[in-house]
Amino acid sequence: MLENWDVVVVGGGPAGAAAAIRAKQLRPDARVLLADKADFPRDKACGDGIAAHGREELALLGVPGLIDDYRPARGLSVVSPGGARVTAAVARPNHVVPRTVFDARLVDAARARGVEVRRHRVRALTLHDDHVVLDGALSARTVVAADGANSAVRRLIGVPPAPDRHTAIAVRGYADVPADDDVQFIAMQKDGWPAYAWSFPVGDGTANVGFGMMLPRLRATGRPGREVLHGRLAELLPDLPTRDLRAHHLPLSPGRPRPGAGRVLLAGDAASLINPLTGEGIYYALLSGRLAGEAAAEAGADPLAAYRRKLRGALGRHLRTTDVLARAAQSPGFIDAAIATAARHKEVFDLLVDVGLGAGTVPAPIALTVARRWLWNGLRRG
Ligand SMILES: Cc1cc2nc3c(=O)[nH]c(=O)nc-3n(C[C@H](O)[C@H](O)[C@H](O)COP(=O)(O)OP(=O)(O)OC[C@H]3O[C@@H](n4cnc5c(N)ncnc54)[C@H](O)[C@@H]3O)c2cc1C
């Protein structure tokens with residue numbers, strides 16, 4: 001016996017919850033199932049940083065106050081690999097909310113809107129012209145695959161996993177910090193570049209701290225991943241004992257695949273939607289999940305074509321921008337020039353935040369200013 005659903009969403013992280021909520025918003029009568037292999041609340045390795053852009057997505061999903069009880073973080077300080085530093089107030093505050101809390105609240109919001117939430121690990125899938133069957137038991141008109149960086153559904157529909165050269169790996173932990181510390185700190189690392197460490201105060205006397213680097217760089221050390229990541233974090237924060245260490249892969253957007261096959265739509269990390277400059281993925285997850293939920297709710301003959309159009313409209317130019325910037329950023333000198341320029345010009349700082357945490361693009365005059373400084377620094381060094 002097959003259970004029939006209009007939409008089955010696989011994975012209850014921000015991408016999956018957003019998809020389920022949006023499908024129900026647009027079609028309250030639709031039968032929507034949210035299936036996750038874990039019960040909520042559950043932990044997820046993450047820096048817990050939720051950009052202002054992500055809060056805009058929460059408003060679109062009808063849950064504008066979801067994280068209002070968390071303190072806004074107005075300061076951001078970034079040190080480039082070569083030691084250029086910028087510290088400034090962000091135009092719109094970011095938030096830091098542990099994922100055990102954030103994800104569970106989103107899943108509760110989905111449930112409150114009539115989404116059925118069920119513990120279920122998807123292991124098998126069959127594509128048909130007008131429906132999809134999961135595990136021989138669930139039949140859906142459309143499936144939204146939001147099952148994260150190691151997406152089983154992505155593999156089952158024949159979309160290859162993210163290539164190593166476009167995959168990062170990061171470890172996060174929690175540490176005690178002064179309760180009034182409200183500056184998000186990012187220290188880029190020359191050693192093993194591209195790599196960076198962060199400290200994101202939550203606002204309750206703790207901070208999410210972590211360290212991330214590209215997967216091929218980690219493999220090249222020839223040492224166990226855990227030893228390298230934990231060791232680097234301890235080196236960087238020698239006076240700050242960290243607890244609850246947990247690591248995970250980050251499939252970066254330059255390695256993004258086609259976002260689905262047949263009536264299966266990939267969203268969030270399953271679609272390799274993580275910003276290659278900052279590791280930001282929650283905003284992209286909420287946005288792509290919302291758009292996948294829309295395409296699924298419309299229930300047209302070709303939901304994948306509709307989803308691709310929506311994604312292109314929302315993120316196309318931005319993703320092409322970050323593809324180019326990620327290539328330029330292979331040279332630490334480029335990032336040094338960008339951070340040094342941001343330290344002098346607040347509009348460049350705001351723009352970098354928008355590109356790194358939102359859907360911003362770079363106007364030609366600003367690209368030229370940074371390129372000139374990069375060239376000038378290079379010539380001086382030469
Ligand atoms: C260390 C680290 C730090 C990061 N810091 C930040 C940050 O500060 N800010 C930011 O914006 N982004 C950050 N990111 C990226 C961010 O965590 C991800 O982009 C985000 O979690 C993506 O959300 P998602 O919903 O696509 O996937 P996930 O949050 O990974 O959710 C996937 C869900 O799918 C479920 N699932 C998996 N397989 C199955 C299956 N077969 N069947 C059913 N369910 C399944 C899982 O249980 C999980 O609940 C960080 C990532 C890492 C690793």
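Here are a few things to note about the model shown:
- Column: log10 I(q)/I(0), Debye, Cα scatterers of the range 167-218, q = 0.25 Å⁻¹: -0.86
- Simple spin-label estimate for Arg155 and Asp68 in nanometres, 7 Å along Cα-Cβ: 4.3 nm
- Summarised as an ellipsoid, the range 234-382 has semi-axes of 33, 22, 13 Å, derived from the eigenvalues of the Cα gyration tensor scaled by 5 and square-rooted, with the largest first.
- For the range 1-121, Kirkwood radius (reciprocal of mean inverse C-alpha pair distance, Å): 15.9 Å
- Sum of side-chain charges, Val228 neighbourhood, beta-carbon under 13 Å (Lys, Arg +1; Asp, Glu -1): +2
- Between Arg119, Arg327, Arg223, the GNM of the chain built on Cα springs shorter than 10 angstrom shows Arg223 fluctuating the most.
- In the range 325-381, the convex hull through the Cα atoms has an average projected area of 3.8 nm², a quarter of its surface area.
- Leu26 paired with His128, simple spin-label distance in nm, labels 7 Å along Cα-to-beta-carbon: 2.3 nm
- Evaluated at q = 0.10 Å⁻¹, a Debye calculation over the C-alpha positions of the chain (equal weights, vacuum) places log10 I(q)/I(0) at -0.62.
- Among beta bridges that DSSP assigns inside the chain, antiparallel share in %, nearest 5: 65 percent
- Environment charge at Val122 (Cβ cut-off 13 Å; Lys +1, Arg +1, Asp -1, Glu -1): +4
- Radius of gyration and maximum dimension Dmax of the range 57-114, Cα, Å: 15.7, 52
- When each full DSSP H helix of the chain is screened for a Cα extent of at least 20 Å along its own axis and an average Kyte-Doolittle hydropathy of at least -1.0, the helices passing are 282-298, 303-328, 364-381.
- Taking a straight Cα-Cα cut-off under 29 Å and skipping sequence neighbours fewer than 8 places away in the same chain, the lysines within cross-link reach of Lys24 are Lys37, Lys44, Lys310.
- Summarised in one figure, the compactness ratio Rg/Rh of the range 62-194, Cα atoms and Kirkwood Rh, is 1.06.
- Packing-based order for 259-272, 63-76, using average beta carbon neighbours within 10 Å, highest first: 259-272, 63-76
- Formal net charge of residues neighbouring Leu357 (Cβ-Cβ distance under 13 Å; K, R +1; D, E -1): -3
Only the coordinates and a few stated rules stand behind these numbers; no lab work does. Model, not experiment: these values are computed from the prediction. Here Cβ is always computed from backbone atoms with ideal geometry, including for glycine, and neighbour counts include all displayed protein chains.
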